[in-house]
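The values are calculated or read from the model by the stated rules, or taken from the named source; none is laboratory data. Keep in mind it's a predicted model, so treat the numbers as computed, not measured. Quick reminder, even Gly has a Cβ in these numbers, built from the backbone with ideal geometry, and neighbours come from all protein chains shown. All accessible areas refer to the heavy atoms of the entire protein, side chains included, with ligands and DNA or RNA removed. Shrake-Rupley method; radii C 1.70, N 1.55, O 1.52, S 1.80 Å.
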Amino acid sequence: MTQLARRHDLTAAMLVDDEFDAHECRRAMLAYCREVVLVSNPYGREGLTKRILQLRSLASNRSFERLRVTLPALQQIVDRILRAKRFDVVNLEFPYLGHYDLRQAPPGERLPPVVVDSHEIAYDLARQFARGGGNLGRRLYAAANWRKLRREELRTYRNADGVYLCSAADEQRLLDQVPGIRTAVIPNGADVEYYQPRPTDPPPDGRTIVYFGLLSTIPNIDGVIHFMQDIWPRIAEANPEARCKIIGGRPPPSLLALAGHRVELTGFVSDLRPHLAAAAAVVVPLRLGGGTRLKIVEAMAMGKAIVSTTLGAEGIEAVPGRDLLVEDQPAAFAEAVQRMLAEPRLAARIGQSARQLAVDRYGWSEAALALEGFYRWILENPS
């Protein structure tokens with residue numbers, strides 16, 4: 001959005017969950033948006049509110065994800081915005097919001113096309129959870145929910161004028177379900193001017209392994225537990241100096257319990273860069289997920305040596321052995337991390353190659369230009 005705003009006027013209407021400071025969000029977004037309207041989401045809470053909504057969804061033909069973002073107040077805001085001024089394009093973030101009436105314009109004006117940003121194929125991710133994402137209760141719930149999500153998500157895609165996805169793999173998954181839909185691949189990007197090695201950052205310490213991400217999501221929870229149970233003990237035994245740092249907000253009790261000698265959970269940090277700079281390696285041991293991982297792009301931009309699973313690196317056009325190391329078996333993954341700790345020159349070389357790839361392929365400016373081109377193509381070829 002910051003890049004598009006250099007050439008276009010942007011208006012944003014968004015739901016705000018409890019974890020965010022709406023005033024601070026609005027202030028920050030007004031730096032690049034002409035108008036920002038934020039609507040407090042009473043369903044965007046953890047704990048009892050979420051559990052009640054999940055129970056409601058079991059008795060409903062609508063998914064939990066749709067119930068969580070269904071607010072008349074948001075539709076009223078959208079009505080006001082779209083009827084007051086003609087927009088060239090309505091960009092919909094997440095298909096969960098596809099039931100809102102977005103094709104509106106002032107009297108006599110043409111209706112704007114609707115383009116959906118599909119961060120992942122959400123129902124496919126939910127189906128992964130049903131097959132092996134956490135405890136039995138979570139798997140059973142996902143089994144009951146993912147088919148509802150699939151019906152809603154595919155309807156949103158079919159009704160859209162265009163859909164852009166983060167990876168070619170997700171694009172193909174969508175085209176298999178909705179042949180003929182107009183799609184584009186716009187890779188996840190990083191602010192490569194912000195995420196870059198700086199002279200003031202601490203140098204790699206040769207012993208710290210970092211995992212970072214929002215720790216309340218199932219893929220991240222599963223990835224951390226997998227790493228700590230199946231991979232970390234091998235590293236810790238082979239290297240008594242090794243340390244593990246897990247960075248991210250909202251960790252559940254199952255992750256908090258992992259903290260201890262040589263294992264640190266930092267919680268949310270306001271600036272990742274010093275933590276990444278000091279790390280000897282970044283790990284992405286994911287077994288569940290879709291789209292592409294921002295954590296990999298950001299770590300690449302910081303020039304870090306990364307060890308990932310195949311799924312963790314999916315959609316990233318990186319060459320294993322040159323830009324990162326890819327291993328799926330715990331023993332091989334641990335051995336790859338050990339190489340990064342033991343061979344700082346190798347880690348530096350891989351990090352430098354990763355940084356160059358991030359600058360060449362995954363910067364925000366490149367992503368914005370590709371998205372702008374997709375918008376123009378949609379406008380010039382109305383469906």
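Taking the condition of being part of a loop (DSSP other than H, G, I, E, B) and hydroxyl-bearing (Ser, Thr, Tyr), how many residues in region 153-196 meet it?
Count: 3.
Look at ARG139 and say whether it is part of a helix (DSSP H, G or I), open to solvent by 50 Å² or more (accessible area, probe 1.4 Å) and either among the polar types (S, T, N, Q) or over 22 Å from LEU294 (Cβ atoms) (or both).
Yes; evaluated as a whole, the condition is true for this residue.
Answer yes if at least one residue in region 83-99 is over 24 Å from the mean Cα position of the chain (by Cα) and farther than 28 Å from GLY162 by Cβ, and no otherwise.
Checking region 83-99: not a single residue is over 24 Å from the mean Cα position of the chain (by Cα) and farther than 28 Å from GLY162 by Cβ.
If we scan region 20-38, do we find a residue that is closer than 25 Å to TRP146 by Cβ and within 23 Å of the chain's Cα centre (by Cα)?
no
Looking only at residues in region 259-289 that are part of a strand (DSSP E or B) and of a type outside the set (A, V, I, L, M, F, W, C), which one is surrounded by the fewest Cβ atoms within 10 Å (Cβ to Cβ)?
Top of the filtered list is GLY260.
Being in contact with a strand residue (DSSP E or B) (Cβ under 8 Å, 6 or more places away or on another chain), over 30 Å from GLY137 (Cβ atoms) and surrounded by fewer than 20 Cβ atoms within 10 Å (Cβ to Cβ) narrows it down to one residue among VAL192, VAL210, VAL163, VAL185; which is it?
Result of the check over VAL192, VAL210, VAL163, VAL185: VAL185.
For a quick check of your reading of the model, give me the residue pairs whose first member lies in region 343-358 and is in contact (Cβ under 8 Å) with a residue 40 or more places away in the chain, whose second is among the β-branched types (Val, Ile, Thr) and outside any helix (DSSP H, G or I), with beta-carbon atoms closer than 6 Å and at least 6 apart or on different chains.
ALA358/VAL192
Anything in region 77-132 that is modelled with pLDDT of 95 or more, of a type in the set (Lys, Arg) and part of a helix (DSSP H, G or I)? List them, or say none.
Answer for region 77-132, where residues must be modelled with pLDDT of 95 or more, of a type in the set (Lys, Arg) and part of a helix (DSSP H, G or I): ARG80, ARG83.
Tell me the residue from SER383, SER365 that is in a helix (DSSP H, G or I) and modelled with pLDDT under 95, please.
SER365
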